[in-house]
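Structure first, commentary second.
The values are calculated or read from the model by the stated rules, or taken from the named source; none is laboratory data. All figures in this text were calculated on a predicted structure; none of them were measured in a lab. Note that we place each Cβ from the backbone using ideal geometry, even for glycine, and neighbour counts take in every protein chain shown. Note: areas computed on protein heavy atoms with side chains; ligands, DNA, RNA excluded. Shrake-Rupley method; radii C 1.70, N 1.55, O 1.52, S 1.80 Å.
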Amino acid sequence: SIKPPAFFVFDCSNAASTIPALEQTTIAKKEEQKNGSPVKEQFMTRTIDWTDWFCICATGIGETLPNDPHLPNDFLTSCIFTPVRTAIVCYIIQHYRNTIVTNNFPLDFFNSQLFKSKTISDLEHVLSAIIDGIASDSLPNDLYRLLFRKDTFIERLFKRFLLAQYLLKPYQVHPVSR
């Protein structure tokens, strides 16, 4: 049994269809708690806040992930764990598909001398600063502080989620969070 605080990542087509089920569970559990049906757990010393969860989804309801053999199948996960590489692959596919992209792309491309770990690390810092600036300008102050200033794990995850939103826009895919 999963209890809050919780963080859910759904990296599949039609991923946002899970959010209504999570919200219904939240409402039902809050109602149970309100009606005096306490959750009995060994060593449980706190009241459970059933609204204390985040969910990020790679696609909206009814949407499918891009079906391009050069893009990762786990697009959102790739943005989370390898944001620079994913951003570079998307950029090259969109702008240089006819000149650089080969059958072995992106494997041959990233095995070149151009992509050493120091280069990727430097690019990650630049990308993080750019995303932080965009987030601070476009999100309400309370939400920005909650997502980008309270916890470094949440900050890093949501920066990369914003990157996924940007990279999936040309494919008519709209990642969703709650």
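Those residues that are open to solvent by 70 Å² or more (accessible area, probe 1.4 Å) and either within 20 Å of residue 75 (Cα to Cα) or modelled with pLDDT under 90 (or both), I need them from the range 152-169; list them, please.
Selection gives 153, 156, 166, 169.
If you go through the range 125-151 one residue at a time, how many are charged (D, E, K, R), open to solvent by 50 Å² or more (accessible area, probe 1.4 Å) and part of a helix (DSSP H, G or I)?
Residues flagged as charged (D, E, K, R), open to solvent by 50 Å² or more (accessible area, probe 1.4 Å) and part of a helix (DSSP H, G or I) within the range 125-151 amount to 3.
Filter the range 89-102 down to the residues that are in contact (Cβ under 8 Å) with a residue 24 or more places away in the chain and not in a loop (DSSP other than H, G, I, E, B), then identify the one that is surrounded by the fewest Cβ atoms within 10 Å (Cβ to Cβ).
94
Tally up the residues in the range 125-147 that are under 21 Å from residue 78 (Cα atoms) and modelled with pLDDT under 90, please.
The total comes to 1.
Look at residue 12 and say whether it is at pLDDT 90 or above and open to solvent by less than 50 Å² (accessible area, probe 1.4 Å).
No, not satisfied.
For the range 103-124, how many residues are surrounded by 12 or more Cβ atoms within 10 Å (Cβ to Cβ), part of a helix (DSSP H, G or I) and at pLDDT below 85?
Looking only at that region, the number is 4.
Scan (1) in a helix (DSSP H, G or I); (2) exposed (fewer than 15 other Cβ atoms within 10 Å of the Cβ); (3) at pLDDT 85 or above; (4) not charged (D, E, K, R) for the single condition residue 84 breaks and write down its number.
Evaluating residue 84 over (1) in a helix (DSSP H, G or I); (2) exposed (fewer than 15 other Cβ atoms within 10 Å of the Cβ); (3) at pLDDT 85 or above; (4) not charged (D, E, K, R) leaves (2) as the failure.
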